[in-house]
Amino acid sequence: MFSQKVRPFAMTDIFPQLDYKPKLPQRMDHGIGIVGAGGIVNYAHLPAYQKAGFKVVGITDRNREQAERTAQQYQVGKVYASVEDLLRQPEVEIVDIAVYPAEQVNVVEQATSAGKHMLCQKPFADEYAKAVRSVELAERAQVKIAVNQQMRWDAGIRCARLLIDDGWLGTPTYGAIQVHCRTDWSLWPWIYQGKQLEIMFHSIHYIDSLRYLLGDPAHVFTSGSRAPGEATQAETKTLSTWEYQSGLQVLIDVCHSTWQDDAYAIFRFEGTEGVIKGTIGLMYNYPAGRPDTLEFMSKRNPGFWFSARLDSMWIPDAFVGPMASLMRAIESGSEPETSGRDNLRTLQIVFAEYRSMVEKRAVRPEEIGA
Ligand SMILES: NC(=O)c1ccc[n+]([C@@H]2O[C@H](COP(=O)([O-])OP(=O)(O)OC[C@H]3O[C@@H](n4cnc5c(N)ncnc54)[C@H](O)[C@@H]3O)[C@@H](O)[C@H]2O)c1
């Protein structure tokens, strides 16, 4: 899996173990019922679940034809007439919700009343209060609720976390994710018409991943803008900086309207002991993508850069992660890695960045919902 660039050398003893694939549950027969048979379910959820061997028992969509087409394509056994019908089925143990963020809380309300566990799509909600309500509903009903922040299982990000946990970076001092690409918003016409765009639907992945790698910032400052001539009301390019009590600084720099042919999607983490850097393959050709790349160096082995060969893709492979984590949490009685409660912190940063854009000041995430 590894190579090192400088010169051949027997280094097997110091290669770190990068066991980055999602950990599967003990039981593979948890019954999944899907609500929403749209784009993401077709090109990511179902291919991932088929690959992992998860058991999808049925699907529903308010557009029945859409649900039937999807069921046929992925050999899903049942098409339910409605959400209510799906929730009545004892074989549905987990509801996999992939509807629009403004409506997600309504499905959560129904699913918690039926005593089902849930995997919600990101963004968890379009308003912070709705996300809090979803978490409280699930806690009261004593069911598990997770959010599909699957970038945490993208190979480059998970490997970076394993290296950080193993001390290769030392104390983190700098983190950056920079993505300049051309996004075809016609894939999501409903997003393009909204008042919030880039952070709410895209950078939310980077926000969640950076929290996962480096923890929560003390302050965030964001500038949001558009390219000349863009038809959207909302931001399509953003620059955010985060400040931590420790002195750690983070940069998220994203632009979706690059016209040049040299799109790039890179991450870089620096610390007192090492550097980790790589590329986010998905953003070079969404949604087909390509594998991530990863390179790292450390004072442990001065003069050497290691590179890891990563053989999984954000879409569909990372989509196994949140569902597997939810299943494992059901089996062990613990919390899923991307639990609803954890996601409230991600959403606080999302909304803090929007407040910063409007008020032109650094915002503490705790100001949201206070
Ligand atoms: N990487 C990612 O994690 C990722 C990528 C794309 C989209 N998404 C998220 O997935 C969600 C869906 O996006 P999409 O691109 O699939 O949208 P889409 O418009 O292609 O599909 C949504 C589907 O949900 C159905 N639907 C909506 N409300 C419903 C309800 N109450 N009951 C039954 N069916 C309902 C619609 O009829 C439609 O078929 C969004 O929240 C989006 O943010 C996540």
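The values are calculated or read from the model by the stated rules, or taken from the named source; none is laboratory data. All values derive from a computational prediction rather than experimental measurement. Don't worry about glycine lacking a Cβ; one is built from the backbone with ideal geometry, like all the others, and counts go over all protein chains shown. In case anyone asks, the SASA skips ligands and DNA or RNA and just uses the protein heavy atoms, side chains included. Shrake-Rupley method; radii C 1.70, N 1.55, O 1.52, S 1.80 Å.
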Task: Top-ranked residue in the range 315-338 [being open to solvent by 10 Å² or more (accessible area, probe 1.4 Å) and under 27 Å from Thr238 (Cα atoms); ranked as nearest to the ligand (Cβ to nearest atom)] - done: Ile315
TODO: Report, by residue number, each residue of the range 299-329 that is in contact with a strand residue (DSSP E or B) (Cβ under 8 Å, 6 or more places away or on another chain), of a type in the set (D, E, K, R) and assigned to a helix (DSSP H, G or I).
DONE: none
Open item on the list: Condition first: away from the ligand (no atom under 11 Å from the Cβ), on the phi < 0 side of the Ramachandran plot, outside any helix (DSSP H, G or I) and open to solvent by 10 Å² or more (accessible area, probe 1.4 Å). Now tell me which residues in the range 94-140 satisfy that.
Closed with: Ala114, Lys116, His117, Glu127
Task: Unique residue being within 20 Å of Asp253 (Cα to Cα), exposed (fewer than 15 other Cβ atoms within 10 Å of the Cβ) and either away from the ligand (no atom under 16 Å from the Cβ) or of a type outside the set (Phe, Trp, Tyr) (or both) when the list is Asp166, Asp184, Asp154 - done: Asp184
Task: Members of the range 48-77 found to be in a helix (DSSP H, G or I) and either within 11 Å of the ligand (Cβ to nearest atom) or open to solvent by less than 30 Å² (accessible area, probe 1.4 Å) (or both), listed by number - done: Ala48, Tyr49, Ala52, Arg64, Glu65, Gln66, Ala67, Arg69, Thr70, Ala71
